[in-house]
1. Quick one: in the range 85-132, of everything that is surrounded by 13 or more Cβ atoms within 10 Å (Cβ to Cβ) and outside any helix (DSSP H, G or I), which residue is modelled with the lowest pLDDT?
2. Out of contact with any Phe, Trp or Tyr (no Cβ under 8 Å at 6 or more places or on another chain) and at pLDDT 95 or above: does that describe Val76?
3. Write out, first by first residue and then by second, each pair whose Cβ atoms fall under 8 Å of each other, whose residues are 6+ apart or on separate chains, and whose first residue, in the range 133-150, is modelled with pLDDT of 75 or more while the second is not in a helix (DSSP H, G or I).
4. Out of curiosity, is Val76 within 30 Å of Ala140 (Cα to Cα) and aliphatic (A, V, I, L, M)?
5. Can you give me the number of residues within the range 1-31 that are among the aliphatic types (A, V, I, L, M), modelled with pLDDT under 65 and assigned to a helix (DSSP H, G or I)?
6. State yes or no: is Arg50 surrounded by 10 or more Cβ atoms within 10 Å (Cβ to Cβ) and under 30 Å from Ile152 (Cβ atoms)?
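The values are calculated or read from the model by the stated rules, or taken from the named source; none is laboratory data. Remember, predicted model here, so these are calculated numbers, not experimental data. All Cβ positions, glycine included, derive from the backbone under ideal geometry; neighbour counts span all protein chains shown.
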Amino acid sequence: MASSHDPADRNGYEDRVVAARARLDDSISGYNRHARLAAQYRNAVERFERARESFESLRAGVSVTHETASAVKHAVELERLRAARETTANHRTGVQIAVRAYVHSLRDQGISPERVLVAVKGRLAHVVTNTAPDAPRLEAVQLAEDVSKWAIAALFDAA
């Protein structure tokens, strides 16, 4: 039996070395390919994590901005409504004063209370019509009722 170092079997030894070296080269090449793929995957995961963090940060910023904008919009709307209510109250007071003055002027001319009420309601009907209601229907009905009350109260004011 020849030893593995026998010079007579030199070709067999060289063939085994060549085959082992080829397997080693293939293994190293395979390792390098897979190591490169693993590094690419790791880099992709890191980029994904950074992108997700940026997205979450941006989404949080957008959410805060949206909430702030909604709060500002709500505050502006509330202020607008407050101003409208204040203006409405001022006009309502003006109507009450005008009704009282109109009733007093009619009463001072000697017109009967029934005719004074008809005249006041006629003025209201003349100003607020179906084609040009200056207020929503509910508000117009409430104003008509209040005008009647104010007119009756004004009729009994001390002359």
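1. By that ranking, first place goes to Val128.
2. On the way: out of contact with any Phe, Trp or Tyr (no Cβ under 8 Å at 6 or more places or on another chain): yes; at pLDDT 95 or above: yes.
In short, yes.
3. Between residues of the range 133-150 that are modelled with pLDDT of 75 or more and residues that are not in a helix (DSSP H, G or I), the close pairs are Leu143/Val128; Leu143/Ala135; Ala144/Val128.
4. Numbers: within 30 Å of Ala140 (Cα to Cα): yes; aliphatic (A, V, I, L, M): yes.
Yes.
5. The first filter runs over the range 1-31 and keeps only residues among the aliphatic types (A, V, I, L, M), leaving 1-2, 8, 17-20, 22, 24, 28.
Keeping just the survivors that are modelled with pLDDT under 65 gives 1-2, 8.
Still in the running and assigned to a helix (DSSP H, G or I): 8.
Residues that pass the stated criteria total 1.
6. Values: surrounded by 10 or more Cβ atoms within 10 Å (Cβ to Cβ): yes; under 30 Å from Ile152 (Cβ atoms): no.
Taking the combined requirement at face value, the residue does not satisfy it.
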